[in-house]
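The values are calculated or read from the model by the stated rules, or taken from the named source; none is laboratory data. No experiment lies behind these values; they were computed from the predicted model shown. Reconstructed Cβ throughout: ideal geometry from the backbone, glycine too, with neighbour counts over all protein chains shown. Each accessible area value is taken on the protein alone, full model and side chains, heavy atoms only, with ligands, DNA and RNA left out. Shrake-Rupley method; radii C 1.70, N 1.55, O 1.52, S 1.80 Å.
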Amino acid sequence: MSRIGRKPIVVPSGVKVEVAGRTVTVSGPKGSLKRDLPGAIAVAVSADSVSLTRPSDSKTDRSLHGLCRTLVANMVEGVATGFRKDLEINGVGYRAAKSGNKLTLALGYSHPIEIVPPAGISFEVDGQTKVSVIGYDKEAVGQIAAEIRSLRKPEPYKGKGIKYDGETVRRKAGKAGKVGAK
């Protein structure tokens with residue numbers, strides 16, 4: 001049996017889990033999330049926990065068991081506490097600012113880049129070089145953070161660009177001089 005799939009999900013107080021057919025709806029203080037699970041996976045909700053079971057030991061059922069459990073656990077954690085992804089901006093003249101709810105980035109292009117957050121996502125800017133993406137949907141937080149990072153990926157020679165907090169950029173040596181040049 002799946003080690004991840006068989007673990008029950010503890011539901012904190014203030015979070016409500018409902019199952020209607022294949023649709024799981026989780027609502028809490030941060031918001032509400034809804035997801036359709038594959039029909040083979042059964043969801044059982046008790047007073048303070050949620051458990052998922054699979055009908056057989058076929059390869060697809062085994063792989064879906066752990067995935068569905070993790071998806072539901074992320075929904076419960078998101079509506080209870082939320083998720084946060086931190087980014088660092090490195091480079092001369094590269095900076096971030098928050099105007100209203102929009103994020104404005106100066107990344108060495110001829111124009112500033114404005115990012116409008118979708119519903120459920122907000123930005124925090126600490127100084128001019130630290131940006132945090134905050135929300136209750138883990139998938140959306142990760143996607144927005146990846147889109148911001150893709151605007152100026154960290155380059156290996158000087159390390160300039162946007163990187164995740166804690167990410168290490170593998171550095172390369174610069175161009176070597178000519179051998180035998182006078």
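Checked against the criterion of being within 30 Å of GLU124 (Cβ to Cβ), in contact with a strand residue (DSSP E or B) (Cβ under 9 Å, 6 or more places away or on another chain), of a type outside the set (Asp, Glu) and in a strand (DSSP E or B), the range 34-55 has at least one qualifying residue.
Applying the criterion of being surrounded by 16 or more Cβ atoms within 10 Å (Cβ to Cβ) and out of contact with any strand residue (DSSP E or B) (no Cβ under 6 Å at 6 or more places or on another chain) to the residues of the range 92-107, the residue that is nearest to SER150 (Cα to Cα) is LEU107. Consider PRO156 carefully, then state whether it is within 30 Å of LEU52 (Cβ to Cβ), touching a residue at least 12 places away in the same chain (Cβ under 8 Å) and in a loop (DSSP other than H, G, I, E, B). When the stated conditions are applied, PRO156 does not pass them.
Rundown of residues vs (1) farther than 15 Å from LYS85 by Cα; (2) charged (D, E, K, R), yes/no style:
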| position | (1), (2) |
| --- | --- |
| SER99 | yes, no |
| SER110 | yes, no |
| ILE121 | no, no |
| ASP137 | no, yes |
| ALA146 | no, no |
| LEU151 | yes, no |
| TYR157 | yes, no |
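Annotation: ARG171 fulfils all but one of (1) of a type outside the set (Gly, Ala, Ser); (2) loosely packed, with under 12 Cβ neighbours inside 10 Å; (3) in contact (Cβ under 8 Å) with a residue 12 or more places away in the chain; the unmet one is (2). Quick one: in the range 46-61, which of the residues that are farther than 14 Å from ARG22 by Cβ and among the hydrophobic types (A, V, I, L, M, F, W, C) is modelled with the highest pLDDT? Looking at residues that are farther than 14 Å from ARG22 by Cβ and among the hydrophobic types (A, V, I, L, M, F, W, C), I get VAL50. Of the residues GLY39, GLY31, GLY21, the single one that is small (Gly, Ala, Ser) and within 16 Å of TYR136 (Cβ to Cβ) is GLY31. Contact map, the range 71-87: residues that are without any contact (Cβ under 8 Å) to a residue 40 or more places away in the chain paired with residues that are of a type in the set (A, V, I, L, M), Cβ distance under 8 Å, separation 6+ or inter-chain. Pairs shown: LEU71/LEU37. Consider the range 129-143 and keep the residues that are open to solvent by less than 50 Å² (accessible area, probe 1.4 Å) and either touching a residue at least 40 places away in the same chain (Cβ under 8 Å) or in contact with an Asp or Glu (Cβ under 9 Å, 6 or more places away or on another chain) (or both). The one that is nearest to GLU88 (Cα to Cα) is VAL131.
Selection within the range 1-48: residues that are hydroxyl-bearing (Ser, Thr, Tyr) and more than 14 Å from ASN74 (Cα to Cα). The member of this set that is most open to solvent (accessible area, probe 1.4 Å) is SER13.
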